[in-house]
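I have placed the structure first, in the form of structure tokens, so that the comments after it can refer back to it.
The values are calculated or read from the model by the stated rules, or taken from the named source; none is laboratory data. Bear in mind that the values here come from a model prediction, so they are computed numbers and not experimental data. Cβ placement follows ideal geometry from the backbone for every residue including glycine, while neighbour counts extend to all protein chains displayed.
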Amino acid sequence: MRERILIVGSGAREHAIAVALTRSPQHPEVLCFGAIRNAGIAPLCVSYGAGSVTDLPSISRFAAEQRATLAIIGPEAPLAAGLADALWALGVPVVGPRRHLARIESSKSFTRELLRKYGIAGNPFFRRFDSMEGVEETLRTLPESHVIKDDGLAGGKGVKVWGDHLHSLEDSLAYCRELIDEEHAFVIEEKMEGEEFSLLSFCDGRTLRHMPPAQDHKRAYEGDKGPNTGGMGTYTDADGKLPFLAQADIDAAQRMNEQVAAALVSECGVSYQGVLYGGFMATKDGVRLIEYNARFGDPEALNVLTLLETDLVSICRGLVEGTLYETDVRFTRKASVCKYMVSEGYPDAPQQGGIVQLPDQLPDQTTMYLGGLVEQDHRMIVSGTRVVGFVSTGNSIAEAEASCEQATLTVSGPLFHRKDIGTASAITRRVAHMQRLRSV
Ligand code: AMP
Ligand code: GLY
């Protein structure tokens, strides 16, 4: 029977998922349900539903009417809302964890406590609070070196870091009070120093297949300046490592994902079936955990799905049937660089409604994924924040970066991007940072 695969979500990450599905020799029919009618995804679909990705009844109805045989959930909000549970209940197998397993992303304290309970190394000092009791005392034990995190999902806006957003004990106390006033629990943790990287693994609960590690760029502007964003771009290296990491760092991150998957089965009594995304920091003391996400990273997915050689449909079947051990997951041994072109004003005041001219032709080894872009009257209109993502591959990061930068020049419209992602000078700086930390 031909698969009918429902993708939930309508950004460039979901476009990359759709493109990977259409490469499958099984020729699945693709369905999408998302907030906007993404101009890249829509032409690949046999049916498209528009609506909120947390509207569980509407998505369930769409899946049933469209006779979906499998669903892949892109963003975190529907996972946290229990969409996987709702679709499984209808008989639609889901790539993406059920609600109580998705707490690995939707609750910062759940994750920290899981690591502690199962003896998994990688936590910094942390403590959870749901009142101001003990807050000042804890902050004083971590002077000038703490991070305060909203315990729940906050779309990347709930984390405040000493030195970036917090500059005095008063600032920190004020943020804690603000969270308590909003009745949000929070976590205070030790600030770690190092280089961040993402390691995503396909996970059926028992077997994990790791993807190449990637480095995201969260800050809006070049030189890692400006406000935090969902991620401006990412790179991976041809050898499946990253220039500032040792093989031991990658081994440690892979091991942590494996231990966490096993701990989740013990803790929740059900298998985690989906993508387990570890956000790590390489520090002078080894690899530590920043956070887990319960889904493909965005933009990481754009890189890794471009590099994926194995049929994504077979991988998804392995994930939902618990037979991933049968599938050998392979990636092209090339470097990749992804740059997002985002709407002007992003992330604080992103402009909407501008017209974008897309290229007729792309540089070699370059793929274009569309995000917040819809087609109206034969024109491409900005309808989101991260608008166009380019991924170029090459024999080196430098080669991929050159093509990717070239690709950005082929687009016109009210967009900007970070030119420094994947450049030799940016990478040299990260390698030097890591060497400096590890030499003391
Ligand atoms: P998160 O939402 O947990 O990924 O946090 C957002 C960003 O805050 C991360 O990408 C890090 O740059 C930073 N961050 C979070 N936790 C820590 C920590 N314990 N030490 C240093 N930086 C952190
Ligand atoms: N790369 C950041 C995220 O997907 O949350």
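Key figures for this structure:
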| item | result |
| --- | --- |
| Some residue of the range 290-308 being surrounded by fewer than 24 Cβ atoms within 10 Å (Cβ to Cβ), part of a loop (DSSP other than H, G, I, E, B) and away from ligand 2 (no atom under 14 Å from the Cβ) | no |
| Residue tally, condition within 16 Å of ligand 2 (Cβ to nearest atom) and either more than 18 Å from residue 226 (Cα to Cα) or outside any strand (DSSP E or B) (or both), over the range 148-168 | 9 |
| Selected residue (only one of 171, 204 is more than 16 Å from ligand 2 (Cβ to nearest atom), over 16 Å from residue 297 (Cβ atoms), crowded, with 23+ Cβ neighbours inside 10 Å and acidic (Asp, Glu)) | 204 |
| The range 355-368 residues that are within 21 Å of residue 18 (Cβ to Cβ), paired with ones that are exposed (fewer than 12 other Cβ atoms within 10 Å of the Cβ) (beta carbon under 8 Å, 6 or more apart) | 356/412 |
| Members of the range 336-385 that are within 20 Å of the chain's Cα centre (by Cα) and of a type in the set (S, T, N, Q) | 336, 343, 367, 385 |
| Meets criteria (within 16 Å of ligand 1 (Cβ to nearest atom), hydrophobic (A, V, I, L, M, F, W, C) and out of contact with any strand residue (DSSP E or B) (no Cβ under 6 Å at 6 or more places or on another chain)) for residue 294 | yes |
| Residue among 59, 73 that alone is out of contact with any Gly (no Cβ under 6 Å at 6 or more places or on another chain) and modelled with pLDDT of 95 or more | 59 |
| Residues located in the range 214-247, provided they are closer than 25 Å to residue 333 by Cα, away from ligand 1 (no atom under 13 Å from the Cβ) and part of a loop (DSSP other than H, G, I, E, B) | 237, 238, 239, 240, 241, 242, 243, 244, 245, 246 |
| Test for residue 418: is it among the basic types (Lys, Arg) and not in a loop (DSSP other than H, G, I, E, B) | no |
| Within the range 342-363, tally of residues that are aliphatic (A, V, I, L, M), in a strand (DSSP E or B) and out of contact with any Phe, Trp or Tyr (no Cβ under 7 Å at 6 or more places or on another chain) | 2 |
| Members of the range 7-22 that are β-branched (Val, Ile, Thr) and surrounded by 24 or more Cβ atoms within 10 Å (Cβ to Cβ) | 7, 8, 17 |
